[in-house]
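Every read-out reported here was derived from the displayed coordinates using simple, explicitly stated rules and does not represent laboratory data. Bear in mind that the values here come from a model prediction, so they are computed numbers and not experimental data. Note that we place each Cβ from the backbone using ideal geometry, even for glycine, and neighbour counts take in every protein chain shown.
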Amino acid sequence: FFANPDREYYLREIEKATGYSVGNIRREMLKLGNDGLFLRRTHGNLAFYKLNTSYPLYGELRNIVHKTVGIERFLHSALKNEDGILFAFIYGSFAKAAERSSSDIDIIVIGKVEAKKVKSRLFECQNSIAREINSTIYSPDEFLAKLKDKNHFISSVVKGKKAFFIGDESEFRRFIQIRKIGKA
């Protein structure tokens, strides 16, 4: 649900994805619907469920799910054994929690890596999460040179919201500052 928050699912789809019985799913979905987390719509004898993105705790639950079993976890697993990656993060609508079911996932990878291997691993991950992944790969020097040249794209990514799955924001900030001082 959190990977595609705008998509509706009917009970049999949920059964197929989870392996739980329709009766158990129906009971739990009704409870969650009564609590406001899910919206329910019927069409004939089919009941459709989708996340209520207006639910007061939606943003917090989304972040917890994505960090524990969600897309960031899949991406981390796909790239964690790839030597040379300093940072890998999601930017754009997904990082801002403004994604739609049709949104792709935009990723930047910074490191001394073989781009072909990284893209191959991300392609495998793309199939698992049922979302298109657009990756841009930079060597550390290339990224910093673009930042130093005030490249509009790089500057907006640095200033914008990011969801790190390799490295973290504070390490990234230190990386930028140390390199700026070292190159000055």
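Listed values, structure above:
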{"quantity": "Helix-only mean residue ellipticity at 222 nm for the chain, each DSSP H run of n ≥ 4 adding -39500 (n - 2.57), per residue, nearest 500", "calculated": "-14500 deg cm²/dmol"}
{"quantity": "Dipole of the chain [Lys/Arg +1, Asp/Glu -1 at C-beta], most positive-end residue of Asn24, Tyr10, Ala97", "calculated": "Ala97"}
{"quantity": "Fully extended contour minus Cα-Cα distance, from Glu171 to Arg41, at 0.36 nm per residue", "calculated": "42.3 nm"}
{"quantity": "Per-residue HN-Hα couplings for region 131-141 [Karplus 6.51, -1.76, 1.60; θ = phi - 60°; Hz; x = Gly/Pro]", "calculated": "9, 6, 10, 10, 10, 10, 10, 10, 6, x, 5"}
{"quantity": "Over region 1-129, relative contact order from alpha-carbon pairs under 8 Å, at least 6 apart, %", "calculated": "24 percent"}
{"quantity": "For Kirkwood radius over Cα pairs in Å, calculated from these coordinates, the label among (i) 17.7; (ii) 20.3; (iii) 18.3", "calculated": "(iii)"}
{"quantity": "Residue exposure sequence - Lys112, Lys50 - by fewest surrounding Cβ within 10 Å", "calculated": "Lys112, Lys50"}
{"quantity": "Ranking of Lys162, Lys80, Lys119 by count of other Cβ atoms within 10 Å, fewest first", "calculated": "Lys80, Lys119, Lys162"}
{"quantity": "Of Lys80/Lys119; Lys96/Lys159; Lys96/Lys119; Lys116/Lys148; Lys117/Lys146; Lys112/Lys146, pairs whose Cα-Cα distance is over 20 Å", "calculated": "Lys96/Lys119; Lys116/Lys148; Lys117/Lys146"}
{"quantity": "Sequence-distant residues sharing a close amide H with Phe165 (under 5 Å, placed H)", "calculated": "Ala88, Phe89, Ile90"}
{"quantity": "Degrees between helix 169-183 axis and first principal axis of the chain (Cα, 0 to 90, nearest 10)", "calculated": "20 degrees"}
{"quantity": "Total charge dipole magnitude, region 2-116, about the Cα centre, Cβ charges on Lys, Arg, Asp, Glu only, Debye to nearest 20", "calculated": "380 debye"}
{"quantity": "Cut-off under 5 Å, modelled amide H: who pairs with Phe48 long-range", "calculated": "Arg41, Thr42, His43"}
